[in-house]
1. Using 7 Å Cα-to-Cβ label points, what is the GLU50/GLN157 separation (nm, one decimal)?
2. With a 10 Å Cβ neighbour count serving as the proxy for reagent exposure, in which order, fewest first, do SER95, SER306 appear?
3. Of ILE216, LEU239, TYR331, which is farthest towards the positive pole of the chain's charge dipole, taken about the Cα centre with +1 and -1 on the beta-carbons of Lys, Arg and Asp, Glu respectively?
4. Given R₀ = 41 Å, what would the calculated FRET efficiency be for THR144 paired with ARG192, taking r from the Cβ atoms and rounding to 0.05?
5. If r is the Cβ-Cβ distance from ASP98 to LYS124 and R0 is 22 Å, what FRET efficiency results, to the nearest 0.05?
6. Of the beta bridges DSSP finds with both residues in the chain, what % are antiparallel, to the nearest 5?
7. If each residue of separation counts as 0.36 nm, what is the full-extension length gain between THR359 and ASP274 once their alpha-carbon separation is subtracted?
8. May I ask which of LYS68/LYS124; LYS77/LYS116; LYS124/LYS185 have a Cα-Cα span longer than 19 Å here?
Amino acid sequence: MLFCFPGSDAISALAEPVAADSVESLVAWMQAHSIDLCVAGEESYLVQGEGLANLCSKAGIPCWGPPKESAQLEASKEFAKNFLLRNAIPTARASACDSLPEALAAIADEYPTVLKFDGLAAGKGVAVCPDAASAGEFLDAVFTQRRFGDGRVLVEQCLSGPEISVFAAVVDDSYLIFTPARDYKRIGEGDRGPNTGGMGAVASRQLVPPEILAQIDALIVQPTVAGLRREGLPYRGFLYFGIMLTPSGPQVIEYNCRFGDPECQAVMPLVHGDLAGFCLAGAQGQLRPDLLTFDQGWSVCVILASAGYPETSHSGDLIGGLDACGDARVYHSGTRQTAAGQWETNGGRVLAVVAGGTTRATAVERAHAAAGHIHFAGLQRRHDIGILHFT
Ligand code: AMP
Ligand code: GLY
């Protein structure tokens, strides 16, 4: 049996929603129902209250996802930056600032600059600012309007180069690197316009040359896992490395304590074997690479977003064509079902359409063809997902 929390109309077809209203009541429910394994998906639960994994541990429920103290790697940009520096892992220079004048002093008129709110902000807390006006706007949103709540700002050196997302399944001091992916973060084709939660992804073992992956492993993944151990930060779960391949080598942009979205949707069809068994064994302290195999091909995920995204979103637009996608996978995100059983939009990123192939070209062609069958008023999608490689 599969259960989910908080659940949605679409996931109800696969998993039964749990009637809980907090992490505490969720864990109490899991304990009462002798749940074998909790897979933590979304980051906020890891740091809410005592933390999902911490509560599971007390209740004796194996949890695939790290405890609150380790999830600070995602929840606090400042914590992550200090961890990176302590462990000599390549990353951009940065300073943490408490106020608008302090941040302006740290920028010291060096543009472009990168400003990061030090907390969870659902992908909206980072601004790459080309000039003083855009920096002023972001700092005003943080320090004057308090749009993200209380918190400091990290003023970070702006790096350049292609971005790549690497995931490792970490079990104490061992880990397994999954298929790398690339996220397309900007709303517009050609990587233009504002950042979004991700407009698509491409994944393949062939995406990154083996020598670069080996470098990422040696300079970033291995020292991160060793650093967690040394600093007494327990970790059993997926760890995501957002990496920029700069002219002076790979550097860490961010950690996430989970799989990436939309990278996960692209990577998963390439993973075969017993993933649930892999996560259960991992949560119990055993890394079991023998339970999985990785497809050598390509996978492309195209996101369909609603009108107004990313500034706003539009709900209530009827979705058509869901049955016409052939063997492409369609993952629901911002959708809901009407009383009459029709699907409609219910959020910014509405659906993810995923298809694969042995070559990049076939995966691209199939994913875009399938995405083209779906329609709703105001639909936005990028037509260059999987095609535009590194910019
Ligand atoms: P983050 O939420 O930290 O991943 O940042 C969101 C996006 O901002 C990243 O995917 C990059 O495109 C960009 N970004 C973050 N940090 C930097 C940096 N130091 N230099 C250049 N771009 C960055
Ligand atoms: N794709 C980046 C993230 O999931 O945060």
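1. Inter-label distance under the simple model: 4.2 nm.
2. SER95, SER306
3. ILE216
4. Values: r = 28 Å, r/R0 = 0.69.
E between THR144 and ARG192, to the nearest 0.05, is 0.90.
5. Working: r = 21 Å, r/R0 = 0.93.
That gives a FRET efficiency of 0.60.
6. Values: 65 of 70 bridges.
Antiparallel bridges make up about 95 percent of those DSSP assigns within the chain.
7. Taking 0.36 nm per residue and subtracting the Cα distance, the gain is 28.1 nm.
8. In this structure, LYS68/LYS124 exceed 19 Å between Cα atoms.
Every number in this text was worked out from the coordinates using simple rules, so none of it is lab data. Not measured: the values here are computed from a predicted model. Virtual Cβ from ideal backbone geometry, glycine too; neighbours counted across all protein chains shown.
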